[in-house]
Amino acid sequence: MDLARPANLGAVAATHLETERLLPRPFCEGDFEDLCALFADPDVMQFVGHGVRDCQVTRRSLRRMMRHWQRHGFGLWALSPKASGQFVGRCGVGYLHELKDAELAYALARPFCGQGLATETVRRTLQHAFEDLRLPRVIGVARPENVASQKVMVKAGMTFRRRCRCDSIEAVMYSIGRSA
Ligand SMILES: CC(C)(COP(=O)(O)OP(=O)(O)OC[C@H]1O[C@@H](n2cnc3c(N)ncnc32)[C@H](O)[C@@H]1OP(=O)(O)O)[C@@H](O)C(=O)NCCC(=O)NCCS
């Protein structure tokens with residue numbers, strides 16, 4: 001697939017995934033309050049974009065994620081444990097306009113961190129990206145000081161590529177190709 005002009009992959013994209021402990025599904029309007037709480041947490045947002053987001057900005061983020069699903073047929077998943085409907089966070093692949101690439105993104109609410117859930121979901125997301133969406137490559141961008149995020153990418157098989165700037169922020173880039 002030419003990632004300079006990503007196609008709508010709706011025909012091949014799954015609407016739900018499954019990991020050992022989680023049931024990822026596309027975001028919907030009903031996720032607004034949970035997403036507001038996630039994006040308002042300074043610990044979660046310390047290394048994400050430009051930091052905490054208020055409800056107005058979160059509303060725009062949610063709409064953007066939902067539009068991305070409609071346009072491209074893939075996007076970021078809302079995560080819930082299989083055993084309950086709780087909101088765990090988000091994970092998935094989005095089209096990064098600035099770098100013309102498919103970018104992995106993830107953020108978990110604090111009670112769910114430190115249990116291997118990010119690694120579990122990122123592995124499943126990458127499998128979906130390569131086997132179902134047939135993406136040629138997925139990149140991940142993190143702040144250099146975000147050690148936990150970089151560990152997740154390495155544990156999922158990604159490799160450090162280079163330092164870069166993303167949205168005017170100093171970052172490190174990891175990637176993985178379909179052949180890997
Ligand atoms: C980054 C994040 C997704 C990790 O989620 P998680 O479910 O705790 O991740 P995992 O348990 O799968 O793995 C995390 C690894 O980082 C390690 N780690 C966690 N915090 C760390 C820290 N401050 N310094 C060094 N290592 C750390 C863990 O020990 C684990 O490594 P291990 O398996 O070798 O022990 C989660 O902390 C988060 O949502 N952070 C806020 C949002 C964010 O930064 N998103 C990424 C933007 S690029």
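None of the figures in this text is laboratory data; all of them are computed from the coordinates on show. Since this is a predicted model, take the numbers as computed values, not measurements. Glycine gets a Cβ as well: all are built from the backbone with ideal geometry, and neighbour counts include every protein chain shown.
Here are some notes:
- Ordered by the number of other Cβ atoms lying within 10 Å of each residue's own Cβ, fewest first, 174, 95 fall into the sequence 95, 174.
- The alpha carbon radius of gyration of region 111-176, expressed as a multiple of 2.2 N^0.38 Å, is 1.14.
- Selection of trypsin sites (Lys or Arg not before Pro), region 67-133, meeting DSSP coil and at most 15 other Cβ within 10 Å: 82, 100
- Within-12-Å neighbourhood charge of residue 104 [Cβ basis; K, R +1; D, E -1]: +2
- Each Lys or Arg adds one and each Asp or Glu subtracts one; over the other residues with Cβ under 12 Å from the Cβ of residue 88, this totals +2.
- Cβ-placed point charges (K, R +1; D, E -1), dipole of the chain about Cα centre in debye, nearest 20: 460 debye
- Residue-count net charge about residue 122 - beta-carbon cut-off 14 Å; Lys, Arg +1, Asp, Glu -1: +3
- Debye log10 I(q)/I(0) for the chain, one point scatterer per Cα, at q = 0.15 Å⁻¹: -0.84
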